[in-house]
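The values are calculated or read from the model by the stated rules, or taken from the named source; none is laboratory data. None of these values were measured; they are calculated from a predicted model. Using ideal geometry, Cβ is built from the backbone for each residue, glycine included, and neighbour counts are taken over all protein chains shown. These accessible areas exclude ligands, DNA and RNA; they are computed on the full protein's heavy atoms, side chains included. Shrake-Rupley method; radii C 1.70, N 1.55, O 1.52, S 1.80 Å.
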2 protein chains.
Amino acid sequence: MSRQTVSNALVHPERLKAPTLEKVQSVIAELGYRPSSAAQSLRSQRTGAVGFELLAIGSANRNEIIYPFTVALSEMAIGHNCHVVTFSAAGAQSPTEGYEDMIRAQVVDAFIIADTHKGDPRPAWLDKAGVPYAAFGRVWGRPDITSWADVDGAAGLRDATNHLFAVGYAQGGYLGWPFGSSIGDERRRGWIEATTASGRSLGPEAQAEQDLDAATDAAYDLIEQVGRGGAIACASDLLAMGVERAARRRGWVPGRDVGMTGIDDSSYAGMLKLTSVSQPVTTIADYLLGLVHKRLEGGPPPESGALFRPALVTRASSDPNT
Amino acid sequence: MSRQTVSNALVHPERLKAPTLEKVQSVIAELGYRPSSAAQSLRSQRTGAVGFELLAIGSANRNEIIYPFTVALSEMAIGHNCHVVTFSAAGAQSPTEGYEDMIRAQVVDAFIIADTHKGDPRPAWLDKAGVPYAAFGRVWGRPDITSWADVDGAAGLRDATNHLFAVGYAQGGYLGWPFGSSIGDERRRGWIEATTASGRSLGPEAQAEQDLDAATDAAYDLIEQVGRGGAIACASDLLAMGVERAARRRGWVPGRDVGMTGIDDSSYAGMLKLTSVSQPVTTIADYLLGLVHKRLEGGPPPESGALFRPALVTRASSDPNT
DNA sequence: CTGAAAGCGCTTACAG
DNA sequence: CTGAAAGCGCTTACAG
């Protein structure tokens with residue numbers, strides 16, 4: 001069996017006749033042969049690795065999403081014939097230092113970036129360096145960049161609000177963040193759309209920062225306004241936790257006396273039996289890896305960014321019969 | 001400047017005279033040259049990568065630790081001249097399938113493993129395959145394996161208990177898990193040791209499963225036993241959260257009327273202002289990477305496993321003046 | 001289908 | 001210090 005034939009069996013199986021191919025494949029399976037990735041990398045000038053920066057700092061809220069996303073990337077990598085290299089440039093001079101290092105040492109071919117924000121220097125640096133990348137989260141302030149995927153927060157709130165009406169709550173209020181945050185405003189829009197589409201008038205609403213005491217205080221008054229038998233859709237799990245605490249403080253049973261929903265399906269949402277909306281991290285990871293793969297093959301960028309619909313996870317906090 | 005000299009400058013700088021070395025280094029810095037890791041891997045038969053399996057499933061409790069640990073590994077990798085490849089063998093036939101794949105494709109030289117448990121097939125498989133590894137967490141049931149590091153839970157509870165006494169709580173009770181869990185028993189031992197060493201008698205204690213309602217119910221009676229001005233050291237943040245809820249249910253202010261401490265410094269500990277004990281993930285990641293590095297160099301395994309002391313993070317829940 | 005060759009970029013041993 | 005060579009394990013182009 002020539003070296004050429006084995007290589008063809010792996011790379012261009014269509015060049016071999018069926019019986020030869022099968023013979024080669026069975027021997028490969030028997031010996032457990034796998035081509036050396038180092039040699040393949042050297043030959044192809046591709047590493048087959050995608051870099052993903054993990055930041056040490058970060059709000060609890062953010063980490064609740066980034067960890068599942070990291071797992072999702074690692075899971076989906078196999079299907080894209082690549083693996084994920086995580087890195088963290090603690091104490092770096094510039095936000096792109098870690099990226100420069102990875103590229104120069106040719107450890108990765110491309111990056112998935114997260115936590116994009118206004119004025120983020122990474123997209124521009126990566127573009128200039130000619131390194132493919134795709135972002136988890138919109139690339140704010142750069143409408144020309146379309147290689148991103150994000151969660152459809154409006155759809156999440158629509159689903160949560162519709163669910164609250166469907167299980168029989170009389171009125172649906174809203175606890176959100178102060179106006180002006182893009183993500184917060186989008187989620188609130190979902191609540192408005194679902195309420196309006198159901199033919200109801202908007203319930204009472206309030207705003208609180210992403211802080212438990214502030215949320216609890218705001219919710220204490222708000223749940224009195226919706227009254228027993230009403231429900232509150234929230235812009236985050238933390239705000240929903242505030243509603244839960246406010247209910248307890250009034251002696252109301254969450255779910256039975258007042259319903260509530262959060263967003264992100266964080267660890268404490270499960271602990272508190274809060275209905276929430278689970279971010280479609282696996283779908284997003286798969287999509288983003290597909291994007292960088294296409295860019296590596298020289299394909300064009302997508303027409304536009306992609307929004308993915310999260311999935312409702314119902315728990316006792318939105319069950320009037322609790 | 002010969003290829004040989006440049007290579008020597010990087011690998012054996014002591015072979016060059018100072019002026020030559022400096023000249024080479026300045027040119028390297030100017031061009032931003034970094035040796036291709038693919039070529040180095042092929043040559044050395046080492047990839048310079050350490051694999052780390054991320055599991056999709058897992059309790060919220062566990063994920064609160066594994067994510068910071070993953071970040072710590074990525075941060076510490078630079079110092080060990082390696083990088084971290086995360087993988088996840090979702091839908092694998094056996095728990096070692098992902099490991100086999102990574103080794104056969106020669107993507108990594110070694111592994112860091114977490115979530116070791118009794119009957120875990122991974123250590124035996126890795127030993128048989130001759131692949132170096134080190135574990136975050138004791139390798140239960142295999143006292144012969146010493147390549148592990150873990151958190152000293154007894155020290156954590158000692159520190160928490162001593163702190164509660166130091167800030168002036170009259171009595172220190174304990175809320176733990178049902179007896180028989182190794183980690184739980186170790187943490188309880190820390191509470192007993194600190195209490196005894198302070199010359200006090202043990203305060204009241206209770207047990208609850210790692211479930212919020214169970215913890216809240218158990219804590220409701222327990223805090224009445226310690227009384228106002230007392231405090232409860234807990235085996236986990238979730239149990240401490242139960243104490244916090246029980247205090248609120250009684251109309252007591254956490255910190256002022258009853259103190260409480262948790263373990264792990266999870267996201268919700270910060271949200272609820274719970275004093276907790278932060279796992280030394282960075283120290284552990286650094287130690288474990290050092291271990292696998294030594295094994296790769298052919299060094300002997302350590303004499304014994306290593307326990308690292310966690311760090312107390314004080315917040316309002318253990319402040320009588322709140 | 002086989003077989004011999006070339007080259008990806010390193011590191012090392014060796015002769016000068 | 002230089003320079004020429006070898007080899008790590010692949011993939012590909014090419015002659016047979």
Next item on the list: Being of a type in the set (Val, Ile, Thr), within 16 Å of DNA strand C (Cβ to nearest atom) and either open to solvent by less than 20 Å² (accessible area, probe 1.4 Å) or closer than 23 Å to B:Glu297 by Cα (or both) narrows it down to one of B:Thr20, B:Thr47, so name that one.
Entry: B:Thr47
Note to self: Condition first: under 15 Å from B:Ser318 (Cα atoms) and within 10 Å of chain A (Cβ to nearest Cβ). Can you find one or more residues in the range B:225-232 that meet it?
What the structure shows: no
Item checked: Every pair of residues 6+ apart whose Cβ atoms lie under 9 Å, when the first sits in the range B:270-281 and is within 25 Å of B:Gly137 (Cα to Cα) while the second is of a type in the set (Phe, Trp, Tyr) and surrounded by fewer than 24 Cβ atoms within 10 Å (Cβ to Cβ) -> B:Gln279/B:Phe69; B:Gln279/B:Phe308; B:Pro280/B:Phe308; B:Val281/B:Phe69
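Which strands (runs of 3 or more DSSP E) does the range A:130-249 wholly contain that include 1 or more residues that are touching a strand residue (DSSP E or B) at 6+ places or on another chain (Cβ under 9 Å) and over 30 Å from A:Ala110 (Cα atoms)?
Numbers: elements: A:133-136, A:148-151, A:172-176, A:205-207, A:230-234.
Of the strands (runs of 3 or more DSSP E) lying wholly inside the range A:130-249, those with at least 1 residues that are touching a strand residue (DSSP E or B) at 6+ places or on another chain (Cβ under 9 Å) and over 30 Å from A:Ala110 (Cα atoms) span A:172-176, A:205-207, A:230-234.
Considering only residues that are open to solvent by 100 Å² or more (accessible area, probe 1.4 Å) and more than 6 Å from DNA strand D (Cβ to nearest atom), look in the range A:1-16 and name the one that is nearest to the other protein chains (Cβ to nearest Cβ).
Filtering the range A:1-16 for residues open to solvent by 100 Å² or more (accessible area, probe 1.4 Å) gives A:1, A:3-4, A:14-15.
So of that shortlist, the ones also more than 6 Å from DNA strand D (Cβ to nearest atom) come out as A:1, A:14-15.
Numbers: A:Met1: 19, A:Glu14: 23, A:Arg15: 23 Å.
Among them, the one singled out is A:Met1.
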Check: List the pairs whose first member sits in the range A:1-17 and is free of Cβ contacts under 8 Å to residues at least 60 places away in the same chain and within 15 Å of A:Pro35 (Cα to Cα), whose second member is within 10 Å of DNA strand D (Cβ to nearest atom) and not in a helix (DSSP H, G or I), and whose Cβ atoms are under 8 Å apart, counting only residues at least 6 apart or on separate chains?
Finding: A:Leu10/A:Pro35
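If only one of A:Phe136, A:Phe165 is open to solvent by less than 60 Å² (accessible area, probe 1.4 Å), closer than 22 Å to A:Ser278 by Cα and without any contact (Cβ under 8 Å) to a residue 60 or more places away in the chain, which one is it?
Of A:Phe136, A:Phe165, the one residue that is open to solvent by less than 60 Å² (accessible area, probe 1.4 Å), closer than 22 Å to A:Ser278 by Cα and without any contact (Cβ under 8 Å) to a residue 60 or more places away in the chain is A:Phe165.
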Notebook entry, point to check: For B:Ser181, all conditions in the list (1) closer than 30 Å to B:Ala56 by Cα; (2) open to solvent by 20 Å² or more (accessible area, probe 1.4 Å); (3) in contact (Cβ under 8 Å) with a residue 12 or more places away in the chain hold save one; what is the number of the exception?
Noted result: (3)
Checklist line | the range B:23-40, residues that are in contact (Cβ under 8 Å) with a residue 12 or more places away in the chain, within 10 Å of DNA strand D (Cβ to nearest atom) and open to solvent by less than 90 Å² (accessible area, probe 1.4 Å) | finding: B:Val24
Notebook entry, point to check: Which residues, counting only those in the range B:59-76, are more than 7 Å from chain A (Cβ to nearest Cβ) and open to solvent by less than 30 Å² (accessible area, probe 1.4 Å)?
Noted result: B:Ile65, B:Ile66, B:Phe69, B:Ala72, B:Leu73
Check: Within the range B:27-47, is there a residue that is more than 8 Å from chain A (Cβ to nearest Cβ) and either touching a Ser or Thr at 6+ places or on another chain (Cβ under 6 Å) or under 30 Å from B:Ala269 (Cα atoms) (or both)?
Finding: no
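I'd like to check something: does the range B:289-296 contain any residue that is within 17 Å of the chain's Cα centre (by Cα), buried (at least 19 other Cβ atoms within 10 Å of the Cβ) and over 30 Å from B:Ala77 (Cβ atoms)?
Within the range B:289-296, the subset within 17 Å of the chain's Cα centre (by Cα) is B:289-292.
Cutting the leftovers down to buried (at least 19 other Cβ atoms within 10 Å of the Cβ) gives us B:289, B:291-292.
Restricting the remaining residues to those that are over 30 Å from B:Ala77 (Cβ atoms) gives none.
No, the range B:289-296 has no match at all.
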Next item on the list: Inspect the range A:300-310 for any residue being acidic (Asp, Glu), away from chain B (no Cβ under 14 Å), surrounded by fewer than 23 Cβ atoms within 10 Å (Cβ to Cβ) and more than 24 Å from the chain's Cα centre (by Cα) and give the result as yes or no.
Entry: no
Check: Does B:Ala160 qualify as being aliphatic (A, V, I, L, M), touching a helix residue (DSSP H, G or I) at 6+ places or on another chain (Cβ under 9 Å) and buried (at least 19 other Cβ atoms within 10 Å of the Cβ)?
Finding: yes
Check: Does the range B:190-212 hold any residues that are of a type in the set (Gly, Ala, Ser), farther than 13 Å from B:Leu175 by Cα and buried (at least 19 other Cβ atoms within 10 Å of the Cβ), and which are they?
Finding: B:Ala194
Item checked: Test: A:Ala56 is assigned to a loop (DSSP other than H, G, I, E, B), over 22 Å from the mean Cα position of the chain (by Cα) and at the interface with another protein chain (Cβ under 7 Å from one of its Cβ atoms) -> no
